[in-house]
Structures are given as C-alpha cells and as structure tokens.
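S.K.: Sharing a structure with you now.
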Amino acid sequence: MKRTFTLIVAGLLALTVLMFFAMHAWIEHSVKENIANAKKRYSGTAEEALIAFLANTTNNPEDRTHIAFWTLVKPVNNET
C-alpha cells in the first residue's frame, strides 16, 4: 500500500513538472510569435514595436490586449 501511494505521488509530481515545462515552452513560443507579428508592422526594437501596436487605436482592441500588453508583461530572454 505504501509503495502504491509513493508511486502515485511520484507520478503526479512528474506530471506537474512536465506540465510546468510544457506551459513555459508554449508561453515562450507565443511571446516570440507576438513580437514577430508586431515587428512586421512596426519598426524598432521588440518593445518599441509592441508599444506602437498597443498605441495604434485602429488595431482590434482584443489584439492590442493579447499581442501587445500581455507580451510586454512577459519578460523575454532573447529578441526575435
């Protein structure tokens, strides 16, 4: 019984760690994709392009929130 409990706990812990790394990779990919999207339309660094995207009121408000705001909140290790 104790061995079964230990295996279940270890399995859940491994699944949690795997999900953490999967979510991190997914968010990192999304951030890089959003930066590339903003840089296609606006010049400058990633931050400048995202701020220009956010400041442009002709962009869809949902896109402005998703692409610009949340991408600016997430720190990026390297620029695309």
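S.K.: Quick one: order TRP26, TRP70 by neighbouring beta-carbon count within 10 Å, fewest to most.
M.R.: TRP26, TRP70
S.K.: Could you compute the net charge surrounding ASN56? Neighbours are other residues with a C-beta less than 9 Å from the C-beta of ASN56; K and R count +1, D and E count -1.
M.R.: With Lys, Arg at +1 and Asp, Glu at -1, the net is +2.
S.K.: Separate question: Quick check on the chain: helices-only [θ] at 222 nm, where DSSP H runs of length 4 and up contribute -39,500 (n - 2.57) each and the sum goes over total residues. Nearest 500, please.
M.R.: So the calculated ellipticity at 222 nm is -23000 deg cm²/dmol.
S.K.: Nearest 10 degrees is fine. How inclined is helix 2-41 to the longest principal axis of the chain, computing both from alpha carbons?
M.R.: Roughly 10 degrees, rounded to the nearest 10.
S.K.: Could you work out how far helix 46-55 tilts from the main Cα principal axis of the chain, as a 0 to 90 degree angle to the nearest 10?
M.R.: 70 degrees
S.K.: While we're here: Neighbour counts of other C-beta atoms within 10 Å: give me MET19, MET1 arranged from fewest to most.
M.R.: MET1, MET19
S.K.: Considering Cα pairs under 8 angstrom that are at least six residues apart, work out the relative contact order of the range 24-80 and quote it in whole percent.
M.R.: Once normalised by length, the contact order is 38 percent.
S.K.: Taking each pair of different alpha-carbon atoms in the chain once, compute 1/r for the pair, average those values, and report the inverse of that mean as the Kirkwood hydrodynamic radius in Å to one decimal.
M.R.: Averaging 1/r across every pair of different Cα atoms and inverting gives 14.6 Å.
S.K.: Something else about it: Work from the charge dipole of the chain (Cβ charges, +1 for Lys and Arg, -1 for Asp and Glu, about the Cα centre) and give the residue of LEU15, THR71, ASN56 farthest towards its positive end.
M.R.: LEU15
Quick note: the coordinates plus some simple rules give every number you see, no bench work behind them. Keep in mind it's a predicted model, so treat the numbers as computed, not measured. No Cβ is skipped: glycine too gets one built from the backbone with ideal geometry, and neighbour counts run over all protein chains shown.
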